[in-house]
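First comes the structure, then the notes that go with it.
The values are calculated or read from the model by the stated rules, or taken from the named source; none is laboratory data. Quick caveat: nothing in here was measured; it's all calculated off a predicted structure. Don't worry about glycine lacking a Cβ; one is built from the backbone with ideal geometry, like all the others, and counts go over all protein chains shown. Remember, those area values only see protein heavy atoms, side chains included, never the ligands or the DNA or RNA. Shrake-Rupley method; radii C 1.70, N 1.55, O 1.52, S 1.80 Å.
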Amino acid sequence: MCIRDSVWIQQGVLADARTDPSCWLLFIDESGYGEELEKRLTARGHDVVTVREGDAYYKLNKNDYRLSPEMGAEGYQALVRDLVASGKTPDRIMHLWLLTESESFRPGSSFFHRNQEHGFYSLFFLARALGSEDIPLDGMHWIVVSNGMQRVAKEALPYPEKSTVLGPCGVIPREFPGATCISIDVDLPHAETSFFRKSSKPDIDRDRLIDMLEVELATRPTSSVIAYRDGVRWEQRYQPATDSKSTGETLLRQNGVYLVTGGLGGLGFTLAQHLAANFNAKLVLVNRTPLPDRPDWGRWMKQHEFDDPISRGIRHVQALEKSGAEVLVQSGDVTNLERMRQIVEEARQTFGPINGVFHAAGVVRDNLIQIKNQSEIEEVFSPKIYGTLVLDELFDKTSLDFMLLYSSTSTVITPMGQVDYVAANAFLNAYAQSRADKQDRQTIAINWGIWNEVGMAADAASRMGFGTRKESIDPVNHNTRHPLFEKRLTLIENEQRTHLLSTHLSPRSHWLLDEHRTSDGEAILPGTAYIELARAALEECGEAESFQVRDLFFIRPLQVADDVSREVRVRLTTSEEGYRLVVQSEAPLASGSRGWEHHAEARILMTPSGKPEPLDIVGIAERCGVTINDEADSWLRSRQEDHL
């Protein structure tokens, strides 16, 4: 296992080779730094468009706008539409809304939520609005300026919540090829107190800071994380960790009492097994989904599938108790302060003082920025960010040996589809650093990679066809009845039943490929074929009832050359509502091994409502005032026609 440390190295700047005037979009801060930078850019001949915070969205003129961050996506969509209409599409963006000399916020909110609206959500909504208008982001450079969210040496880190902006900073260049984004954290005078700690006001030379930021305006576009401290420019890098910090001693104690959030999940259960086996620990396992009363466990498991989540949780508890562990299982949402307070009090009454906290709760909701919605983001933020704030309040006055936060290497890799997950884990890292000087505990954030066979990332890798996940039962091969499939395999992965239905597709033998081609003649699987694959797979698995297809996403086209036969498989994994559908095809990896390419995914909801009534197409057309044209030589033209 390779362990790396985050380090800061002094790094100079390289001048941008491009000298032509650019169109700049400046999000102006309330402290006046942006206004001075606007003057300097204008003096250099650049076209500068400014956006300031307001009570609503409105346009003063083609170079001056007001926008209300708390109103969400609507204002950013209107801004981008107006920029396009005015011919002011930016190729440079400087975002200064996380520069704060005071902790002001609107009534009814908080400085914490103010920083989310002005930071993460501001960049997220802006990127989505730009993408929605089909604006090419290739060559667009984003400069995101903040203060108080990085710890280069031993200075205070008063605003860890600002670090969620690192999610968009890292993922925008992944999802919009050719775009670059640099995060710059600077010294600023700030309020004497913050949500997390008291901090002193550094002596800042205002003109000197503006000069430093002006240099960044002319820097060659790159994606990096930068911090200025005392006039020195530092860049974040990662290097192999040394053993110099290790004393060889463990923070764990024999017979210790440990609270584990996400305690019945893959990572939480693996940790609990280790603590029980090696330290005879007393375990307080917090899980969001409640288990039935203990006398009902046997009946529940008889009446539900092996891969039922509650049945899986019961087996986990039974396995721990069989090994001799003392286990207190509590159901509760880690973001619910009152419920968590009850859990902590009951744990103290049962086992005594809590010695350490493992915060392993987390959610992943992979989706590109263009199709990710705010409810998905908040679902990801809830356990890692809001849950951490609850734990912070619960144990603020309590001495602990440690608080260990399960972060992720996604903060370094910044993968596509995980703008919120990267942001949430960046907060965990910053929060741990903000508590570095707390004397009554060690607060540690570990950026885990993919665990072998367990955890959310391993689940995702298994769905993609990678990894070494072990099955709980031997795979079962079935004969297939549907002519579209050649074989069906049923197996248990992570205690969930999965059906793998595979076939080989070729334009020579399958008309649905041969009769659907791009403008250059390449055969491609049409979108309706994925729905037929889902229907046929469900039929093959014995599902005779009606079903609904929800959240069907086409990830990448499935193209097959004329002289090639390509293996395609449909994965149906059981879920509480029905199935999760994934369509993949075999693809060679750079290493020469075999992998699977992701083409489409969807949720399948089983709806046993009998045969649906036929739709009255003519009646619908009359109500909508449209004309039905079913002539063989006519069609409804779509934007896709340009490529077919």
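Each residue was assigned an accessible area with a 1.4 Å probe, and for residue 296 the value is about 50 Å².
With Cα atoms defining each centre, the range 38-89 and the range 415-447 are spaced 33 Å apart in the structure.
This model, with +1 at the C-beta of Lys and Arg and -1 at the C-beta of Asp and Glu, gives the chain a dipole about its Cα centre of some 1560 debye. Once C-alpha pairs closer than 8 Å and six or more residues apart are averaged by separation and normalised to the residue number of the range 340-402, the relative contact order reads 48 percent. Dividing the summed helix terms, -39500 (n - 2.57) for each DSSP H run of n ≥ 4, by the number of residues in the chain produces a 222 nm estimate of -8500 deg cm²/dmol to the nearest 500. How large is the dipole of the range 483-597 about the Cα centre if only Lys and Arg carry +1 and Asp and Glu carry -1, each at its Cβ, rounded to the nearest 20 debye? The dipole magnitude comes to about 200 debye.
For residue 598 and residue 36, FRET efficiency with R0 = 51 Å and r from the beta-carbon atoms, rounded to 0.05? With a Förster radius of 51 Å, E is 0.60. Placing pseudo-labels 7 Å out from each Cα toward the beta carbon at residue 607 and residue 237 gives an inter-label distance of 5.7 nm.
Can you give the charge dipole size of the range 28-148 about its Cα centre, rounded to the nearest 20 debye, using +1 on the beta carbon of Lys and Arg and -1 on the beta carbon of Asp and Glu?
Dipole magnitude for the range 28-148 comes out near 220 debye.
Of all trypsin sites (Lys or Arg not before Pro) in the range 222-281, which ones are in loop regions per DSSP and have a Cβ with at most 14 other Cβ atoms within 10 Å? Listed in order of number, the matching sites are 245, 253.
To the nearest 10 Å², what's residue 577's accessible area with a 1.4 Å probe? Accessible surface of residue 577 is approximately 80 Å². For the chain, the relative contact order comes to 9 percent (Cα pairs under 8 Å, sequence separation of at least 6).
A probe of 1.4 angstrom, applied to the heavy atoms of all protein chains, finds residue 546 with accessible area near 30 square angstrom. Length available on full extension from residue 392 to residue 378: 0.36 nm per residue minus the Cα-Cα distance, which gives 3.1 nm. Applying a DSSP loop filter and a limit of 12 other Cβ atoms within 10 Å to the trypsin sites (Lys or Arg not before Pro) in the range 92-192 leaves 154.
Short-range pairs are left out: with C-alpha atoms under 8 Å and at least six residues apart, the relative contact order of the range 234-343 is 27 percent. Placing R0 at 60 angstrom, the Cβ-Cβ distance between residue 438 and residue 626 gives a FRET efficiency of 0.35 after rounding to 0.05.
Full extension from residue 515 to residue 207: what is 0.36 nm times the residue separation minus their Cα-Cα distance, to one decimal in nm?
So the extension gain works out to 104.3 nm.
Ranking 274, 499 by solvent-accessible area of protein heavy atoms (1.4 Å probe, all protein chains present), from largest to smallest, gives 274, 499.
Exceedance of the 29 Å cut-off in Cα-Cα distance is limited, within the set 39/88; 39/372; 302/384; 302/372; 282/438; 154/397, to 39/372; 302/384; 302/372.
In terms of its C-alpha gyration tensor, the range 359-402 comes out prolate, because a/c is 1.5 or above and the ratio a/b outweighs b/c.
Computed extension gain for residue 86 through residue 322, at 0.36 nm per residue and net of the alpha carbon distance, reaches 78.0 nm. Here's the picture: charge each Lys and Arg Cβ at +1 and each Asp and Glu Cβ at -1 in the chain, and of 227, 140, 342 the one pushed furthest to the positive end of that dipole is 342. Think of the chain as having a plus end and a minus end, set by charges on the Cβ of Lys, Arg, Asp and Glu; of 560, 627, 352, 352 sits farthest toward the positive end of this dipole.
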